[in-house]
């Protein structure tokens, strides 16, 4: 009893928190709340009412009648919650990048420049998105409205959507007002900010675990619904194509909904760096060529499958199960998937070695009081694993007097690593502004080590998710096709059971079934599940987009093989 009351109280607190945060989001919109309600919310409610009237007054098929009011309801919910969704997106952009942002600010603060200039430089970093906008707002308050920096920080602390950033602004404002050096404050603040980032990151992974369990429950429910939609019409006489089609639409809504939730919950921690101002590297050319080859071969396989299916070849169309027809053309997409997986492994290996390299570079530069190129002359001979060739190339570029900024940019592009790009850029900037190399190296190495530890947790969560998705794919496919096979067998049985005295067609309505169409609908579900599940895996692991190709192929083949075995084995057992 007490536990039930506690759960009720928690639910009420969660609901009240959601309502209050929604009202806060309305108050922070650029458009006035009254204008937003009048121009967006009210028309969406009118559309919802009209969609209900259309369904009531017009005689429409079930597959059309059900989605229309659902679409209207979705429009109302979206219109009401959009300000909160937008605010939450800004909060997530801030919290996903704040550890890099604080490290960058700390490195800039070690240079002998005006503290407001630190904020101006950070405002130019487009990669920080909402954080860069906040920096611009601060500098505008200082430059345009003649506010002091501490007053500007306090003002923005009350308006930013992230509590982590709000607390940081408050502490920084107090420090500046007290006369403490911003550099000392930021160096002491590193641990607090990184720990906050770790908490947010681990919380996001925990949310994914919760959603994984919820996803499992929902897919099992939809699977049972699809089995019932396949089998029950044999007793009721309703059109099974309509019922199965309706469940297919519901299945798609559930999958897309969970894909959206996973995208919102997954921490932002990309592995790959995609430069905009450089030509293609060898890795990029290899990936692009494999994608083109995979798509061309897939197109050829699709054409070949269609020729066989239409009876234009010596192979009998009935000799190959329909699910195999769907899976076979996807096979060439394994080529780009496997190549990207191998290249991604190299990027991760470079990330592992970069922490040792940047710490050694900083410490050696400080000890020898020498330039980066002279220090690299020694370091390039040491073994830094997958990063060694890139370090050697960096030394060669610096040694032939290429500008350091350009040489480091080529180094980042060649490694293809997002973290290496950000941290090497910070190191170069800190050195150019007179920062101490050893301190810079230790600061960057420490922060990157924490991120790498979090990535290990993310990899474990991804492996668990992959296991769940492959398992539920096999289980649901088995349920789909066992229902279809039972219907096929009952249809054959009813023909032999009819007698002059009694017609079993009055009980078992096999005439309503178009088994080929239902099997096509089940194949559509197989492909839909493979596409959305592979995208879900790609979002959670943070890797390259082409990674999804491999899981798409494997999930499709898993479903196709399970469907074929189910049809063969169940048909053999039940026909005995």
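Quick note: the coordinates plus some simple rules give every number you see, no bench work behind them. Small disclaimer: the values here were computed from a predicted structure and weren't measured. Cβ atoms come from the backbone with ideal geometry, glycine included; neighbour counts cover every protein chain shown.
Arranged by the count of other C-beta atoms within 10 angstrom, fewest first, what order do 205, 296 take?
Listed from fewest to most nearby Cβ atoms, that is 296, 205.
Taking a label point 7 Å from the Cα of residue 293 along the Cα→Cβ vector, which residues of region 526-556 have an amide N closer than 17 Å to it?
Under 17 Å, as judged by backbone N against the label point of residue 293, lie 546-547, 549-550 of region 526-556.
For Cα extents along the principal axes in Å, one of (1) 104, 60, 46; (2) 88, 66, 47; (3) 86, 55, 44 was computed from the structure I shared and the rest are decoys. Which label?
Correct label is (1).
Pairing the Cα long axis of helix 182-231 with the longest principal axis of the chain, what angle in degrees results, from 0 to 90 and rounded to the nearest 10?
Tilt relative to the chain: about 0 degrees.
Per 0.36 nm of contour for each residue apart, how much would the distance between residue 324 and residue 261 grow if the chain were fully extended, relative to their Cα-Cα spacing?
19.5 nm
Rounded if a/c is under 1.5, else prolate if a/b beats b/c, else oblate: with a ≥ b ≥ c from the C-alpha gyration tensor eigenvalues square-rooted, which is region 268-329?
Since a/c reaches 1.5 and a/b is larger than b/c, the shape of region 268-329 is classed as prolate.
Using the per-residue mean of other Cβ atoms lying within 10 Å as a proxy for protection, in what order, highest first, do the peptides 314-321, 327-334, 231-238, 87-94 fall?
Highest to lowest by the protection proxy: 327-334, 87-94, 231-238, 314-321.
Helix 515-541 against the longest principal axis of the chain: what's the angle in degrees, Cα atoms only, rounded to the nearest 10?
Helix 515-541 sits at roughly 10 degrees to that axis.
What distance in nm separates the simple spin-label points at residue 284 and residue 524, each placed 7 Å from Cα in the Cβ direction?
According to this spin-label approximation, the distance is 4.0 nm.
Once both labels are modelled 7 Å past Cα along the beta-carbon direction, what's the residue 341-residue 242 spacing in nm?
4.5
With labels modelled as points extended 7 Å from the Cα through the Cβ direction, what inter-label distance (nm, one decimal) is found for residue 452 paired with residue 19?
It is 5.0 nm.
Starting from 0.36 nm per residue, how many nanometres of slack lie between residue 396 and residue 381 once their C-alpha separation is accounted for?
4.1 nm
Counting helices only, and only those DSSP H runs with n ≥ 4, report the 222 nm mean residue ellipticity of the chain as the sum of -39,500 (n - 2.57) divided by its residues, in deg cm²/dmol to the nearest 500.
It lands at -27000 deg cm²/dmol.
Can you tell me the FRET efficiency between residue 54 and residue 225 if r is taken as the Cβ-Cβ distance and R0 is 25 Å, rounded to the nearest 0.05?
E between residue 54 and residue 225, to the nearest 0.05, is 0.45.
Assuming 1.306 mPa s and 10 °C, estimate D for region 16-89 with Stokes-Einstein, Rh taken as the Kirkwood radius over Cα pairs, in µm²/s.
Answer, rounded: 117 µm²/s.
Helix 547-574 sits at what angle to the longest principal axis of the chain, using alpha carbons and giving 0 to 90 degrees rounded to 10?
Tilt relative to the chain: about 20 degrees.
How many angstrom lie between the C-alpha centres of region 538-558 and region 65-126?
First find each Cα centre; the distance between them is then 27 Å.
Quick one: check the C-alpha center-to-center distance for region 382-422 versus region 264-337, whole angstrom.
Spelled out, the Cα-based centre of one part sits 33 Å from the other.
Fewest first, what order do 202, 405 take by the number of other Cβ atoms within 10 Å?
So the ranking, lowest neighbour count to highest, is 405, 202.
Ranking 168, 423 by Cβ neighbours within 10 Å, fewest first, what do you get?
Least crowded to most crowded, the residues run 168, 423.
Please give the length that would be gained between residue 178 and residue 276 if that part of the chain were fully extended, namely 0.36 nm times their separation in residues minus their C-alpha to C-alpha distance (nm, one decimal).
Gain in length upon complete extension: 31.0 nm.
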